[in-house]
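The values are calculated or read from the model by the stated rules, or taken from the named source; none is laboratory data. The model shown is predicted, which means the values in this text are computed figures rather than measured ones. Virtual Cβ from ideal backbone geometry, glycine too; neighbours counted across all protein chains shown. Just so you know, the surface numbers come from the protein's heavy atoms only, side chains and all, with ligands and any DNA or RNA stripped out. Shrake-Rupley method; radii C 1.70, N 1.55, O 1.52, S 1.80 Å.
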Amino acid sequence: MAPTLYDEKPEPGDLIEIFRGNYQHWALYVGEGFVVHLAPATEVPDAGPNHMMSVLCDKAKVKKEEIWDVVGHDQWSVNNLLDKKYQVRPIHQILKDAQAYVDRELPFSVFNGNCEHFATELRYGKAESRQVRQAVETVGMAAMVGFGVLAVAGVAAAIFGGGSKKKNKEEY
């Protein structure tokens with residue numbers, strides 16, 4: 001494995017979270033400096049704004065690559081985020097399944113079939129994406145706040161007579 005820029009020492013079966021700016025890319029460490037990950041065509045290190053084009057992709061390829069080729073200059077960490085929620089599958093099964101997917105093209109969807117879903121499915125047998133859940137919660141909260149503001153404005157208009165009033169000629 002290449003010299004590390006960080007103190008992280010991943011073990012086979014660990015989830016690797018790669019910070020790409022507006023989102024995180026996820027991979028599964030399979031040992032000897034390699035990761036397996038689901039990558040739409042736009043998923044390359046240092047792609048900048050082009051990373052966001054993955055929302056338009058409907059297919060992605062499972063790749064086995066050296067961790068540093070996937071990480072590039074981005075920060076990363078080992079993040080077995082669901083270990084307290086789900087039981088980790090046997091490592092030999094995780095690695096066997098990961099290898100079986102390499103070079104396959106799979107359906108891709110940011111909302112229900114992204115790289116985080118793929119990695120968590122391998123580790124836990126459960127496809128889950130925390131960043132999708134957080135995005136949905138954030139959008140939902142923004143919508144609730146927006147509806148709340150509209151509701152308050154409507155109530156205020158009703159109470160304070162937001163409509164225009166015609167004045168009688170005698171008032172002038």
Odd one out for residue 102 among (1) open to solvent by less than 60 Å² (accessible area, probe 1.4 Å); (2) modelled with pLDDT under 90; (3) touching a strand residue (DSSP E or B) at 6+ places or on another chain (Cβ under 9 Å): (2)
Suppose we filter 17, 32, 11, 66 for residues that are within 17 Å of the chain's Cα centre (by Cα), over 18 Å from residue 105 (Cα atoms), at pLDDT 95 or above and not basic (Lys, Arg); which single one remains? 17
Before we move on, is residue 80 modelled with pLDDT of 90 or more, in contact with a Ser or Thr (Cβ under 8 Å, 6 or more places away or on another chain) and among the polar types (S, T, N, Q)? no
Could you tell me whether the range 154-161 includes any residue that is of a type in the set (A, V, I, L, M), open to solvent by 90 Å² or more (accessible area, probe 1.4 Å) and modelled with pLDDT under 50? no
Can you name every residue in the range 73-93 that is more than 21 Å from the chain's Cα centre (by Cα) and either in a loop (DSSP other than H, G, I, E, B) or surrounded by 14 or more Cβ atoms within 10 Å (Cβ to Cβ) (or both)? 87, 89, 90, 91
